[in-house]
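The values are calculated or read from the model by the stated rules, or taken from the named source; none is laboratory data. Note that this is a predicted model, so its numbers are computed, not measured. Backbone-built Cβ (ideal geometry, glycine too); neighbour counts: all protein chains shown. SASA here: full protein model, heavy atoms, side chains in, ligands and nucleic acids out. Shrake-Rupley method; radii C 1.70, N 1.55, O 1.52, S 1.80 Å.
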Amino acid sequence: MMSIERYELTDVQWNQIKDLFPEYRTGRPPKSNRVMFNAILWVARSGAALRDLPKERYGSWETVYSRFCLWRDTGLLETLFIALNGEADYENLSIDSTIVTAHQQSAGAKKGCLISGASQHIGKNSGGHTTKIHVIVDALGNPLYFQLSGGIIHDSVLAIEVLEHVEIQDSNIIGDRAYGSLAIRTYVSEHDATYTIPPKKNAKEPWDIDWWLYKERHLVECFFNKLKNFRHIATSYDKLATSYLAFIYIAAIFLLTK
């Protein structure tokens, strides 16, 4: 029992989000939101298949999956994530990405589920099939925004698109050399923000940066380490990118409520 309970929300964590769930009215008494959330959290943390859920504790896996799909498709998980970011520290914003391996079980999504011409944000290179998680974290190391792409997409390609989803005015953007293109730096400056991004070693016109401040970038690396403690996220098993992103929100909600 203890090995199961350590994967679940504590009372303190649950009290932070319980009022954000809608009431469900069905012909039979519905499973509590807390039980359903803990069931999904168990899958995210253990990396086990949904069908392997401990039935005696969480009930039928079909019921859990149905509730998960409902929360995913209505955007409830993203709403919970955003609500928990109400007191974010925007002084320094770190942007980065990490690559995860796409398991063979993640293949086979229906053609009608293709996203923006990309096959569920799964890219193929010499290392196999991979997905990339792009993230922005605040000055406390808490996530503010997630975006997925194929693993072969360079960080600089989506940098501006990722930054557009966060209010960066009066913030300092911290990133590695991959984010040092003129277009990215111009975007940051035009939005009344500053940047701490080192120039590439072959830059024709290198600029100075505050290397002590640059060390704050470790916060985004630390966040990725925490995120990948969730085995279902460290390896992508989902056929749909929307499902994989939903599991990322589940993990982020758990971390933000701790």
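A few points about this structure:
- Selected from Phe247, Gln169, Val135, residue furthest toward positive end of dipole (the chain; charges at beta carbon): Phe247
- Max mean-square fluctuation residue, GNM over the chain, Cα-Cα springs under 10 Å, options Ile197, Ile233, Ile17: Ile17
- Residues Trp211 and Ile99, FRET efficiency given R0 of 25 Å [Cβ-Cβ distance, rounded to 0.05]: 0.45
- All C-alpha to C-alpha distances of the stretch 160-258, sorted into 10 Å bins beginning at zero, yield P(r) values of 13, 34, 31, 19, 2 percent in whole numbers.
- Calculated [θ] (222 nm, deg cm²/dmol) that DSSP helices of n ≥ 4 give over the chain, each run adding -39,500 (n - 2.57): -10500 deg cm²/dmol
- Here each label is just a point 7 Å from Cα along the line to Cβ, and for Lys204 and Glu56 those points are 7.1 nm apart.
- Gain in span if fully extended, Asp11 to Ala48, counting 0.36 nm per residue against the direct Cα distance: 10.9 nm
- Accessible surface calculations at 1.4 Å, restricted to protein heavy atoms, place the stretch 155-220 at 60 Å² per residue.
- Considering only Ser181, Ala44, Ile95, the residue lying farthest towards the positive end of the dipole of the chain is Ala44, judged by Cα position with unit charges set on Cβ.
- Computed over the chain, the convex hull of the alpha-carbon atoms projects to a mean area of 15.8 nm².
- Pairwise FRET efficiency - Ser32 versus Ala83, Cβ, R0 = 22 Å, nearest 0.05: 0.65
- Residues with amide H under 5 Å from that of Ser149, placed H, sequence gap 5 or more: Lys132, His134
- Potential lengthening of the chain between Ile152 and Asp19 amounts to 43.9 nm, from the contour at 0.36 nm per residue minus the alpha-carbon distance.
- Helix axis angle, 33-46 relative to the chain longest principal axis, alpha carbon, degrees: 60 degrees
- To put it simply, the accessible area of the chain at a 1.4 Å probe is 50 percent carbon and sulfur.
- Charge tally for Ile233 (other residues, Cβ to Cβ under 12 Å; Lys, Arg +1; Asp, Glu -1): +3.
- Summary of packing: across the peptides 43-53, 173-183, 238-248, the per-residue average of other C-beta atoms within 10 Å ranks them, highest first, as 238-248, 173-183, 43-53.
- R0 of 35 Å, Cβ-Cβ distance Thr63-Glu221: FRET efficiency to nearest 0.05: 0.40
- With a simple spin-label model that places each label point 7 Å from the Cα along the Cα-to-Cβ direction, the separation between Glu190 and Lys228 comes to 3.5 nm.
- Helix 218-227 axis versus longest C-alpha principal axis of the chain: approximately 20°, rounded to the nearest ten.
- Across Lys31/Lys258; Lys204/Lys226; Lys201/Lys228; Lys18/Lys258; Lys18/Lys55, pairs whose alpha-carbon gap is larger than 26 Å: Lys204/Lys226; Lys201/Lys228
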